[in-house]
Amino acid sequence: MSDQEYPHFEVDQHITVKSNYYAGMIGSQFFVTLRDEKKILGTRCNTCNLVYFPPRSTCGRCFSKLTEDDFVEIGPQGTLETFTKVNYSEPVQPRKAPFIYGIIKLDGADTGMAHFIDEVNFDDLYVGMRVQAVFDEEAQATMLAIKYFKPLEEK
Amino acid sequence: MTEQELISIPLMVDVPYRFAAGKYMSKFLIELRDNGKFFGIRCPKCGRVQMPPRVVCAVCHVKNEGWVELGHEGTLLGFSIVHLPLTDPTTGKPHETPYTYGSVRLDGSDSALDHLINVEPDINKIKVGMRMRVVLRPREERIGDLSDIIYFEPIAGES
Amino acid sequence: MKRKVAIIGGGQTHHASHRKDVNQVELVNEAVRAALADANMTIDEIDAVLLGNMEFFEGCHMTDCWLADGIGAYGKPGLKITTGGTVGATIVVAGAHHVASGLYDKVLCVGFEKQEEGDSSAILSAVAHPLYGRFLAGAAVGYFAMMGASYMQAYGAREEHSAMVAVKARQNALKNEYAHLKLDITVEDVLNSRMLAYPIHLLEMCPTSNGAAAMILADEKTARERSDKPVWIRATETAHNEQFELDWRDVTTKKPIFSRVAAERLYKKLNVTDPTKFFDVFEIYEPASWAELVWYQDLGLCKPGEGFHLIEEGRTEIDGDIPVNPSGGVLSTNCIGASAMLRIWEAALQIRGDAGEHQVPKDVNWALTTAYGGTNWTVMTALSKEWDE
């Protein structure tokens, strides 16, 4: 019996996964402060003299425990370290293209924060630009309590 | 002092997939969909007939060759009566409980197939070794998936 | 092994239904700090870090990225491994290979699961093969249920026998401060509890736990210098089963089954003729109480079909001659990424005499552990108190 050729068969399926990520004690305080006081917190490791964003409970370099006594306020202004414009849209993206995001080194922090950059033309951006956080008035306890960063007004 | 508010972030990931069935499974699923037939594949070395078919025999590491058309009747190897209302992924709705679920080896096959069993969920009415037959969806409802089998049911008159 | 490998420290969290007070990093950090304290070491002394969990159970891919700080992996070599339920043991075996090879002296192994954070049933349905199994994903709680039904029919065991296994697990867990479920129950309580999938009752199910475990492995020189009670890893064995061949639920099948294959090879390596006399304690991975009865025969503790006599006669109780799961087993604590590692750690505690209230009341020189993974494969280890210099 000759083996007839069968067309290539493909199966379409999808998986929906819901999860719930706990922030922990330090993380919870970070998000509550962000939402309620419009303040951004980092944690300082006194041994390494480094301020971490996101705030964390262990210093990766020296393994010291960091607690709420190690909170320091950082930002809300900072310096743009790098940036890009996303030109293509994917369903999973939080915004429709084109949109800009970058890494901002908040004043007082030693590590950067990735976030959207808005209220600016892409061609006017440069590394080293001073930017400030724009908070959401009706914030939830998530990173989107900051809507985006915009160029710091010149005074 | 008020207790620390503990924050959690709910997230959802919805991922679409398209899986290529491959050469042997394409034949199996198309024959199931179009002709309501079950095909197993034989290992030329040890003679095992595997259904669903796969390209390499896991024991002998040789290419399986030699299609075998299997019938629609087989033997119940194991079963359970499920009381948990688990979600049927093809409908998105929970199964009506209790329901029976089991493993059937079609005559001529060396491997078994798991599926729903259409029998009263009464431990006294189900026995390992019972003879079963496949009940398929009508042709127009079949899509080329093992859910084209609605369930297995006991062959009347055989104990 | 090219070089000898010993366990010189370990730690675990107090496993629980909820740990909303910690994020995943902080959870593993607790176990890591406990292990370092137990070994009297600092993280700087660790040469490599191996991490494992059930992939995507927390809705988070590549947890190795996010946990690096908490497990002390910053700047260090290491691996992330995901092998389903066996991962806790796979990590220890990989760690043993790292040390035995001579390339690393001190390796930290970490396993965890923070199951409250994820969508286990959705992910498990994603484990099911898209072509052969996805359509039934919602019905598949029945795998072990089918095994139980098959066992009773083939050998004449009764539901009571599975209930006895559950009672043993729960009563042992009452003596284990770290165990998740500590329930003071009787056989009658088990049989009266809700039937989930015949013949499995609610009180015979393992929980989903949040927890972590960590262990430190070292070469012989380090072990003899730094530890009073090194526990030696004498042999490990892994055996995979064929995909989708779920024939192991038919307990009378003559096909070579992963558990028996692994046990035979391991026993051959160590010249074991009678495991009940060779090993002093067993920590096995029992996803369901029926699985324990089948493990008894697969491990050669009894002839096929006689496992339920062992539990009837009390021989596998904590003070029996073949103690199985004095820790309470997976039936009491199931943080999947750590569960298999906890079998090895609990066995090590027994050998060290450090198991506290759930210490078996005899001299423990040899221990055997098993693990079980979703594609029906297993990882076994044999541990000993002494290894001649």
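Each Cα pair under 8 Å and six or more residues apart adds its sequence gap; the mean of these over the residue count of chain C is a relative contact order of 25 percent.
Past 27 Å, Cα to Cα, is the threshold; run B:Lys125/C:Lys182; A:Lys39/C:Lys80; B:Lys45/C:Lys303; A:Lys39/A:Lys150 against it and keep the listed order. Before the final figure, lay out the partial values.
Numbers: B:Lys125/C:Lys182 37 Å; A:Lys39/C:Lys80 36 Å; B:Lys45/C:Lys303 31 Å; A:Lys39/A:Lys150 17 Å.
Flagged as over cut-off: B:Lys125/C:Lys182; A:Lys39/C:Lys80; B:Lys45/C:Lys303.
Counting only other chain Cβ atoms within 10 Å of each residue's Cβ, the peptide C:143-150 averages 5.
Going by neighbour counts of Cβ atoms within 10 Å, the residues C:Glu312, C:Glu317 line up, fewest first, as C:Glu312, C:Glu317. Quick one: net charge of B:Leu11's neighbours, Cβ under 13 Å, K/R +1, D/E -1? Value of the local net charge: -3.
Neighbouring Cβ atoms from other chains, within 10 Å of the Cβ of residues in C:194-207, number 3 on average. Taking chain C as a Gaussian network of alpha-carbon nodes connected by springs under 10 Å, the highest mean-square fluctuation of the residues C:Thr273, C:Thr90, C:Thr369 belongs to C:Thr273.
How long are the three semi-axes of the equivalent ellipsoid of the protein assembly as shown, in whole Å, if each is the root of 5 times an eigenvalue of the C-alpha gyration tensor, listed from largest down? Before the final figure, lay out each step's value.
Working: eigenvalues 414, 254, 109 Å².
After diagonalising the Cα gyration tensor, the semi-axes are 46, 36, 23 Å.
Give the order of C:Asp47, C:Asp298 when sorted by the count of other beta carbons within 10 angstrom, beginning with the fewest.
So the ranking, lowest neighbour count to highest, is C:Asp47, C:Asp298.
Counted by neighbouring Cβ atoms within 10 Å, the residues C:Trp66, C:Trp345 run from fewest to most as C:Trp66, C:Trp345.
Looking at this model, which pairs from C:Lys76/C:Lys114; C:Lys106/C:Lys269; C:Lys269/C:Lys385; B:Lys63/B:Lys127; A:Lys147/C:Lys114 are more than 28 angstrom apart at the alpha-carbon? With Cα atoms farther than 28 Å apart: B:Lys63/B:Lys127; A:Lys147/C:Lys114.
Laboratory data are not the source of any read-out in this text; all were calculated from the coordinates shown. Since the structure is predicted, the reported quantities are computational estimates derived from the model, not experimental observations. Note that we place each Cβ from the backbone using ideal geometry, even for glycine, and neighbour counts take in every protein chain shown.
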